[in-house]
Amino acid sequence: MTFVERGRLLDEGEIRRSVTRIAHEILERNKGAGRLVLIGIAARGDDLARRLAAEIDRIEGVEVPVGALDITFYRDDIGLRGEAPEVHETSIDLDITGTTVVLVDDVLFTGRTVRAAMDALVDFGRPRAIQLAVLVDRGHRELPIRADFVGKNVPTRRDEDVVVRLKEVDGEDAVVVGERGEKELEPA
Amino acid sequence: MIKHLLSIDQLDREAIVRILDTAESFREVGTRVIKKVPALRGRTVVNLFYENSTRTRISFEIAAKRLSADVINFATAGSSVAKGESLKDTALTLQAMGADAIVIRHSSSGAPLTLSRWVTASVLNAGDGTHEHPTQALLDLFTIREHFASFEGLRVAVVGDVRHSRVARSLTLGVARVGGQVTLVGPPTLIPPEAPAWGAEVSYDLDAVLPKADVCYMLRVQRERQRQQFFPSIREYSRLWGLSRARVDALPDGALIMHPGPMNRGVEIASDVADLPRSVITDQVTNGIAVRMSLLYLMLGGARVANHVLAADAEGAPGE
């Protein structure tokens, strides 16, 4: 798969400030960090969740539990794509029942990932509430889903692609917009 | 991913690693309170067992159910097969009922391959005669990988009734594929002459092999498949080829003891040896579910292709 970069939406400093602001907003909305759990959607949402937790620790002095959630098995397009989608790690080592879960993802687009994540979450327990934090909201929702905390709203074309790069996996912090070459569908 | 899993030989190193990596995620699913994900909702998996099996059938059944697939167990005793139905007619019947995958165990080597030529469903070999048992080899590799950083140069001793063991053949091919080295050990009567062609070394001296083994894999003595006398007595076999406490002490530190089950305690493995901490026999069972979930997911989780396309495909190369 090819990716042609067309422009930068956020640089390292802007990502850092967005994460800091979202951390403040989460604390403000929930009146502190008690009963709060951050669960990042793999890949990259889990890294963002860890950054948010570090910020919340810095601001409030509270260590918020962090988990990682892979939503592959809950996708609504299994059996429609050429190959079975690649699987990431899930690690939720605590009981989320009664907690406020903040789902963290890098890009909010159609909303289907978040739908799958909510389905997956309720198999782990019954949170008191689920909130959604994303670094970039690029629009084009296909489901009635909105984010509670947004780093940056970016108008995009549907056929464009927004890619978040994080130091933890990609070696740099940046949000870029570009176009993805069509991947050929191979028969299973 | 492959359409049918008939032999471990179909898988290159990359495919094996992908299957094992995906199985890691499924093992995590097995630790959840709700051990079920909706990945294969609406798919139908048929267990077609022409030979008795408890653990493999149950393992496949649990694997499919944890993926939310519907599972049909077709035990041949008391079924249309007992009334004389052929494998082909049974297969076509299952096909007509809309099976997406058929897990087959058969006493005839090659039955899964033959089956794969008749049906559009994915065929998974759950053991065919003395030929292969690829899912067992994959779960063994998964279990070994939990304890060793790399397969490269890993020395696996496979001990006992190699001649009648489909597990030995699949495991030997699998270990060789990922970079390890297998030594087949047993009485000359129970080591098939073609064994070196599988990429294995052969030894008739267990006590010489043990000090150099990272994994000691004991095979079940398959008395039900032995049509002639291959060794004088069970007692002698146990003394010469059984894994006793003294032999365990000859293994290097950190070496694993494995067995595909069901065990004949006191024959190929001493009862107290089977329960040692370095014996990972129950881990093999647990991991079997995760590995079979991984296979079903990777083989059935791709796009459904229209039946007539696959039928045309199946004419050519059933094994892919």
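The values are calculated or read from the model by the stated rules, or taken from the named source; none is laboratory data. In this text, all values refer to a predicted model and were calculated from it rather than measured experimentally. Note: ideal-geometry Cβ built from the backbone for every residue, glycine included; neighbour counts use all protein chains shown.
Going by what's in this entry, would A:D46 be described as under 28 Å from B:Y297 (Cβ atoms) and part of a helix (DSSP H, G or I)?
Taking the combined requirement at face value, the residue satisfies it.
Say whether the condition of being loosely packed, with under 15 Cβ neighbours inside 10 Å, charged (D, E, K, R) and over 25 Å from B:L11 (Cβ atoms) is met by at least one residue in region B:268-275.
Residues of region B:268-275 loosely packed, with under 15 Cβ neighbours inside 10 Å: B:271-272, B:275.
Retained after the next criterion (residues that are charged (D, E, K, R)): B:272, B:275.
Next cut, over 25 Å from B:L11 (Cβ atoms) only: B:272, B:275.
Yes: region B:268-275 contains one or more residues that are loosely packed, with under 15 Cβ neighbours inside 10 Å, charged (D, E, K, R) and over 25 Å from B:L11 (Cβ atoms).
If I go through region B:261-306 residue by residue, how many of them are assigned to a helix (DSSP H, G or I), within 14 Å of another protein chain (Cβ to nearest Cβ) and over 18 Å from the mean Cα position of the chain (by Cα)? Can you show your working first?
First, pick out the residues of region B:261-306 that are assigned to a helix (DSSP H, G or I): B:271-274, B:281-300.
Filter once more, so that each one left must be within 14 Å of another protein chain (Cβ to nearest Cβ): B:290-291, B:293-300.
Narrowing further to those that are over 18 Å from the mean Cα position of the chain (by Cα): B:300.
Selection size over region B:261-306: 1.
Among the residues of region A:151-163, which ones are touching a helix residue (DSSP H, G or I) at 6+ places or on another chain (Cβ under 8 Å) and surrounded by 19 or more Cβ atoms within 10 Å (Cβ to Cβ)?
A:G151
For region B:178-248, which fully contained strands (runs of 3 or more DSSP E) count at least 3 residues that are buried (at least 19 other Cβ atoms within 10 Å of the Cβ) and of a type outside the set (S, T, Y)? Lay out the reasoning, then the answer.
On the way: elements: B:181-185, B:201-203, B:215-218.
Counting at least 3 such residues, we get B:181-185, B:215-218.
Kindly list the number of the only condition in (1) away from every other protein chain (no Cβ under 14 Å); (2) of a type outside the set (D, E, K, R); (3) surrounded by fewer than 22 Cβ atoms within 10 Å (Cβ to Cβ) that fails for B:S59.
(3)
Would you call B:V81 assigned to a loop (DSSP other than H, G, I, E, B), among the β-branched types (V, I, T), more than 10 Å from chain A (Cβ to nearest Cβ) and surrounded by 14 or more Cβ atoms within 10 Å (Cβ to Cβ)?
It is true that B:V81 is assigned to a loop (DSSP other than H, G, I, E, B), among the β-branched types (V, I, T), more than 10 Å from chain A (Cβ to nearest Cβ) and surrounded by 14 or more Cβ atoms within 10 Å (Cβ to Cβ).
Mind checking which residues of region B:186-205 are closer than 21 Å to B:L154 by Cβ and hydroxyl-bearing (S, T, Y)?
Answer for region B:186-205, where residues must be closer than 21 Å to B:L154 by Cβ and hydroxyl-bearing (S, T, Y): just B:S203.
Considering only region B:140-159, I want to know if a residue exists there that is within 19 Å of B:H106 (Cα to Cα) and of a type outside the set (A, V, I, L, M).
The answer is no, given that none of the residues of region B:140-159 is within 19 Å of B:H106 (Cα to Cα) and of a type outside the set (A, V, I, L, M).
Does B:T90 qualify as being in a helix (DSSP H, G or I), at pLDDT below 95 and of a type in the set (V, I, T)?
Yes: the conditions hold for B:T90.
So, of the residues in region A:52-103 that are assigned to a loop (DSSP other than H, G, I, E, B), among the acidic types (D, E) and touching a Ser or Thr at 6+ places or on another chain (Cβ under 8 Å), which turns out to be surrounded by the most Cβ atoms within 10 Å (Cβ to Cβ)?
Per the criteria, the residue is A:D70.
State the number of residues belonging to region B:246-276 that are basic (K, R) and under 21 Å from B:S203 (Cα atoms).
Here the count works out to 1.
Can you give me the number of residues within region B:43-53 that are of a type in the set (G, A, S) and within 14 Å of chain A (Cβ to nearest Cβ)?
Step one: of region B:43-53, the residues of a type in the set (G, A, S) are B:53.
Filter once more, keeping what is within 14 Å of chain A (Cβ to nearest Cβ): none.
Qualifying residue count, region B:43-53: 0.
Going by the conditions given, is B:G160 within 21 Å of B:S279 (Cα to Cα) and touching a Gly at 6+ places or on another chain (Cβ under 8 Å)?
Here the answer is yes, as B:G160 does meet what is asked.
Just to be sure I understand the filter: pairs with C-beta atoms under 6 Å, separated by 6 or more residues or on different chains, first member in region B:23-42 and facing another protein chain (nearest Cβ under 7 Å) and closer than 12 Å to A:E89 by Cβ, second member crowded, with 16+ Cβ neighbours inside 10 Å and of a type outside the set (S, T, N, Q). Which pairs pass?
B:S25/A:V87
What are the residues in region B:187-235 that are farther than 25 Å from B:E146 by Cα and among the basic types (K, R), if any?
B:R223, B:R225, B:R227, B:R235
When region A:56-84 is examined, which residues are found to be within 14 Å of chain B (Cβ to nearest Cβ) and either within 12 Å of A:A33 (Cα to Cα) or among the hydroxyl-bearing types (S, T, Y) (or both)?
Passing the criteria: A:T72, A:Y74.
Select from region A:85-118 the residues that are free of Cβ contacts under 8 Å to residues at least 24 places away in the same chain and within 12 Å of chain B (Cβ to nearest Cβ) and list them in ascending order.
Step one: list which residues in region A:85-118 are free of Cβ contacts under 8 Å to residues at least 24 places away in the same chain, which gives A:85-87, A:118.
The answer is A:P85, A:E86, A:V87.
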